[in-house]
Amino acid sequence: MEYAVETLDLTKVFKNREKGKSRTVTAVDHINLKVKRGEFFGLLGPNGAGKTTLIKMLCTIILPTGGTAKVHGYDILKEADKVRSSFGWLHGETGGRALYWRLNAEDNLRFYANLQNVPKDVAEKRISALLEFFELDKERNKLVMEYSTGMKVRMMLARSLLANPPILFMDEPTVGLDTIAAVETRKLLKALSTELGKTIVFTSHNMHEVEQL
């Protein structure tokens, strides 16, 4: 079986200096895991366990110190461009870096679709479908800066699906959300898995959340 995600002794060591002394931190230590296609896979651990570092390596944002991984069958070191076209990524950050607040929902998604080389005619159809799926169609012309936190998370989920990737990396997507928004986000993630058949790698430090999903 070819797995959606497979890590091979994946390791990340950070080195820095504090007060003139060198310091080494092993954030990810020879991780080996296999995620089946279409699986909803949970990574559970406390803050500082290395979950985000692992996801960033799989997304080719940072390079591993040792080992490697395959995403959608592509090696993260040798085939980074193909890896990047295979996933959507959402991180638990609803501040100014996640979306362009002075643009409305449609213009945000058009901008990101263009960055991901989604053909214009395909992008327009997909944007309408995503806004409807995430129940944002009535708010499509509203500036994102006026959205609630839950609506911003739905926008980021829509953004991660613009290129229709087979794999989604969801790095603590409910962090900072109130109870209602967190419940809503979990329902949407379940729908993405069951209705659209996406492979989802989900990180959390919340045992209750992981048990529900």
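The values are calculated or read from the model by the stated rules, or taken from the named source; none is laboratory data. As the structure is a prediction and not an experimental result, all values here were calculated from the model. A quick note on method: Cβ atoms are made from the backbone with ideal geometry, for glycine too, and the neighbour counts reach across all protein chains shown. For the accessible areas, the whole protein counts, side chains as well, though only heavy atoms, and no ligand, DNA or RNA atoms are used. Shrake-Rupley method; radii C 1.70, N 1.55, O 1.52, S 1.80 Å.
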Test for residue 146: is it touching an Asp or Glu at 6+ places or on another chain (Cβ under 9 Å), modelled with pLDDT of 85 or more and of a type in the set (Asp, Glu): yes
Filter the stretch 157-186 for residues that are part of a helix (DSSP H, G or I), closer than 22 Å to residue 72 by Cα and among the hydrophobic types (A, V, I, L, M, F, W, C) and give the result. 157, 158
Of all residues in the stretch 173-183, count the ones that are under 13 Å from residue 148 (Cβ atoms), open to solvent by 60 Å² or more (accessible area, probe 1.4 Å) and without any contact (Cβ under 8 Å) to a residue 60 or more places away in the chain. 2
Subset of the stretch 38-53 (residues that are of a type in the set (Gly, Ala, Ser) and within 22 Å of residue 166 (Cβ to Cβ)): 38, 42
All-but-one check, residue 149 against (1) of a type in the set (S, T, N, Q); (2) within 20 Å of the chain's Cα centre (by Cα); (3) under 30 Å from residue 36 (Cα atoms), failing number (3)
Does the stretch 126-136 include one or more residues that are open to solvent by 10 Å² or more (accessible area, probe 1.4 Å), over 23 Å from residue 39 (Cβ atoms), in contact with a helix residue (DSSP H, G or I) (Cβ under 8 Å, 6 or more places away or on another chain) and without any contact (Cβ under 8 Å) to a residue 12 or more places away in the chain? yes
Among the residues of the stretch 3-56, write down those that are among the β-branched types (Val, Ile, Thr), open to solvent by 50 Å² or more (accessible area, probe 1.4 Å) and under 19 Å from residue 210 (Cα atoms). 52
Would you tally the residues in the stretch 187-213 being open to solvent by 30 Å² or more (accessible area, probe 1.4 Å), outside any loop (DSSP other than H, G, I, E, B) and either modelled with pLDDT under 85 or over 17 Å from residue 35 (Cα atoms) (or both)? 6
Within the stretch 54-73, the count of residues that are within 19 Å of residue 160 (Cα to Cα) and either of a type in the set (D, E, K, R) or not in a loop (DSSP other than H, G, I, E, B) (or both) comes to 6
Of all the residues that make up the stretch 97-134, how many are part of a loop (DSSP other than H, G, I, E, B) and under 19 Å from residue 163 (Cα atoms)? 8
